[in-house]
Amino acid sequence: MSLVAENLALVRARIDAAAREAGRDPSEVRLVAVSKKKPTALVREAYEAGQRDFGENYVQELLAKAEECADLSELRWHMIGHLQRNKVKPVLRVAAAIHTVDSMKLARDLGKRAMETPMPVVRRLEAGTDQRLPVLIEVNVGGEAQKSGCEPSAVPDIAQAIEAQGSLQLAGLMTVPPHTEDPSGARPFFDRLVELQHEHGGSARFGELSMGMSHDLEPAVQAGATFVRIGAAIFGAREA
Ligand SMILES: *Cc1c(COP(=O)(O)O)cnc(C)c1O
């Protein structure tokens, strides 16, 4: 087994254990393998091991990797980094989901562009006939000045802006909590995202919660994550 395959199995075991501990069905938690700053050779290893969802932060890197991996027909790219409005168009050609919508303007731009760029069937997150692009609202629950994401109070307006776009599907909420040494320190921030979900329509409106990284996946899964975004624990540490 390749190292990446071994790491994937370890991460999956961590997710499953955390889910069971919280009385959740582990299959509710989907793993997005974050391959930023790592070569596509490792993406291929993960794909060989059965991984299908991959996350990238930077538009140029996402586009280059999508091209290099174009033969991996079931691979789904998740855009998990800050998205500038002038970069929307190329991202729509390759992304199966966008986790980082944090303004009404971005929602409108995405909606307009997504009308012109239908997603290939194999790239869809869900089986079925829904042709809308799933997008999540990134919320800066920690209120950190240097982080992207909207303020919690902006969630209702951005949600409405997404719902007004016939080409977008409001899929859920995403967050990156402030870093804490002890992973359990992230738990209150994950709980805050869950609270926001409940305040604004619950899981019927916001089906997905994208939260949890290598360091804090357990508290995220225990709080209710449906997507965890894991990089280092699968592909190894990145250079700073
Ligand atoms: C880099 C990154 C991840 C993965 O982080 P790891 O600590 O490597 O697991 C997840 N989400 C976002 C938004 C990231 O930028």
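List pairs: first in the stretch 204-216 and within 10 Å of Met174 (Cβ to Cβ), second open to solvent by less than 10 Å² (accessible area, probe 1.4 Å) and aromatic (Phe, Trp, Tyr), Cβ under 9 Å, 6+ apart or cross-chain?
Qualifying pairs under 9 Å: Glu208/Phe227; Leu209/Phe190; Leu209/Phe227; Ser210/Phe227; Met211/Phe190; Met211/Phe227.
Among the residues of the stretch 108-118, is there at least one that is within 16 Å of the ligand (Cβ to nearest atom), surrounded by 15 or more Cβ atoms within 10 Å (Cβ to Cβ) and among the charged types (D, E, K, R)? Give the derivation first.
Within the stretch 108-118, the first condition is being within 16 Å of the ligand (Cβ to nearest atom), and the residues that meet it are none.
Taking every residue of the stretch 108-118 in turn, none turns out to be within 16 Å of the ligand (Cβ to nearest atom), surrounded by 15 or more Cβ atoms within 10 Å (Cβ to Cβ) and among the charged types (D, E, K, R).
For the stretch 47-59: of the residues being touching a Lys or Arg at 6+ places or on another chain (Cβ under 9 Å) and not hydroxyl-bearing (Ser, Thr, Tyr), which is surrounded by the fewest Cβ atoms within 10 Å (Cβ to Cβ)? Working first, answer last.
Quick first cut of the stretch 47-59, residues touching a Lys or Arg at 6+ places or on another chain (Cβ under 9 Å) only: 52-59.
Next, from what is left, pick out any that are not hydroxyl-bearing (Ser, Thr, Tyr): 52-57, 59.
Details: Arg52: 16, Asp53: 20, Phe54: 28, Gly55: 24, Glu56: 27, Asn57: 18, Val59: 20.
Filtering first and then ranking leaves Arg52.
Quick check on this structure: which one of Val155, Val176, Val194 is within 16 Å of the ligand (Cβ to nearest atom) and either touching a residue at least 12 places away in the same chain (Cβ under 8 Å) or surrounded by fewer than 16 Cβ atoms within 10 Å (Cβ to Cβ) (or both)? Walk me through how you get there before you give the answer.
Working: Val155 fails: within 16 Å of the ligand (Cβ to nearest atom); Val194 fails: within 16 Å of the ligand (Cβ to nearest atom).
Step by step, each of Val155, Val176, Val194 is checked, and only Val176 is within 16 Å of the ligand (Cβ to nearest atom) and either touching a residue at least 12 places away in the same chain (Cβ under 8 Å) or surrounded by fewer than 16 Cβ atoms within 10 Å (Cβ to Cβ) (or both).
What number of residues within the stretch 197-240 are part of a helix (DSSP H, G or I), within 13 Å of the ligand (Cβ to nearest atom) and among the polar types (S, T, N, Q)?
The total comes to 0.
The values are calculated or read from the model by the stated rules, or taken from the named source; none is laboratory data. Everything numeric here is computed off the predicted structure, so don't read it as measured data. All Cβ positions, glycine included, derive from the backbone under ideal geometry; neighbour counts span all protein chains shown. All accessible areas refer to the heavy atoms of the entire protein, side chains included, with ligands and DNA or RNA removed. Shrake-Rupley method; radii C 1.70, N 1.55, O 1.52, S 1.80 Å.
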